[in-house]
Amino acid sequence: MPALPPRPAAEGTRGRILLAAPRLFAEHGYHGTSIRDIAAEAAVQPASLYAHFPSKEAILAELVLAGHEEHHTRLVTALLDSGTDPRDRLAALLRAHVQAHTDYPMLAVVANNEMHALSPPAAAPAAAVRRRSEALLAEVLAMGHQQGVFDIVHLEATAAAIGGIGIRVAHWYPPPEAGLNASQLADVYASLALRMARARQPASKPSRRMLGQVRHTLRVRTSIRYV
């Protein structure tokens with residue numbers, strides 16, 4: 001399981017540093033990890049590390065931004081592929097959300113749990129991406145509520161609740177006893193989100209057999225002659 005999504009900037013010594021840091025930050029936290037720890041994990045000298053990053057905070061900031069950008073890109077792609085029904089769009093968002101956390105769990109843990117350790121200027125780029133991701137979810141929920149597809153009591157509270165589910169997946173997936181692959185787990189969370197939005201069931205499409213019966217009935221009725 002890769003630690004990071006493919007990135008042009010993650011090559012050579014710089015790439016080794018970025019690949020080494022997520023595990024340390026995820027297991028020990030930002031404040032529990034030193035520059036020497038990262039350098040040792042990446043098999044570089046601390047002085048060499050500073051040639052690529054001015055500080056430990058700069059490493060964390062790049063990882064947090066990478067996590068948020070990967071997550072946001074997946075959400076946008078999911079919406080583009082999901083059609084217009086708000087139920088389909090909400091389910092697609094949740095599947096993409098969960099699979100971003102199962103595909104890159106250490107990065108997800110760092111992006112979600114250690115962002116608070118950044119100074120406001122260092123956190124600002126990732127915070128902007130996070131707001132755009134939150135807006136995607138809020139827009140889908142609002143659209144579904146306006147169309148009568150979702151029965152939402154409080155839009156902001158529902159968006160916050162749905163946005164929060166799936167984040168902890170990165171801490172425990174995949175346990176052997178789960179019995180679910182990543183795609184199946186994403187489907188479970190999509191179903192949960194639809195229930196939280198109190199989605200109404202779409203009108204069932206008539207079966208071919210039912211359509212055939214209707215056509216037969218119409219033929220019989222139109223063949224009746226009144227005298």
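Taken together, the values in this text are just the output of simple stated rules run on the coordinates, not laboratory data. Here the structure is a predicted model, which means the values were calculated and not measured. All Cβ positions, glycine included, derive from the backbone under ideal geometry; neighbour counts span all protein chains shown.
Here are some notes:
- Chain lengthening between Leu80 and Gln147 when straightened (0.36 nm per residue, less Cα-Cα): 22.2 nm
- Residues His97, His31 arranged by fewest to most Cβ contacts within 10 Å: His31, His97
- When only Cα pairs below 8 angstrom with a gap of at least 6 residues are kept, the chain shows a relative contact order of 22 percent.
- Sum of side-chain charges, Ala199 neighbourhood, beta-carbon under 9 Å (Lys, Arg +1; Asp, Glu -1): +3
- Projected label distance in nm at Asp187 and Leu19, using a 7 Å step from Cα toward the beta-carbon: 3.4 nm
- Lys/Arg +1, Asp/Glu -1 at C-beta; the chain dipole; positive extreme among Ser34, Gly179, Leu118: Gly179
- Arg131-Glu27 FRET efficiency (beta carbon distance; Förster radius 35 Å; 0.05 resolution): 0.75
- When the Cα positions of Ala128, Gln147, Ile59 are compared along the charge dipole of the stretch 16-151, Ile59 comes out farthest toward the positive end, with charges on each C-beta of Lys, Arg, Asp and Glu.
- Placing a pseudo-label 7 Å from each Cα along the Cα-to-Cβ vector at Glu57 and Ala161 gives an inter-label distance of 3.8 nm.
- Cβ crowding within 10 Å ranks Val140, Val64, Val153 as Val153, Val140, Val64, fewest other Cβ atoms first.
- Placing +1 on the Cβ of every Lys and Arg and -1 on the Cβ of every Asp and Glu, with no other charges, gives the chain a dipole of roughly 1620 debye about its Cα centre.
- Across all Cα pairs in the stretch 116-166, the calculated P(r) in 10 Å bins from zero up to the longest distance comes to 23, 41, 25, 10, 1 percent per bin.
- Along principal axes, Cα extents of the chain, largest first, whole Å: 104, 34, 32
- Fewest-first sequence of Arg198, Arg89 by Cβ atoms within 10 Å of each Cβ: Arg198, Arg89
- Note on Arg198 and Ala40: their simple-model spin labels are 5.5 nm apart, each label 7 Å out from Cα toward Cβ.
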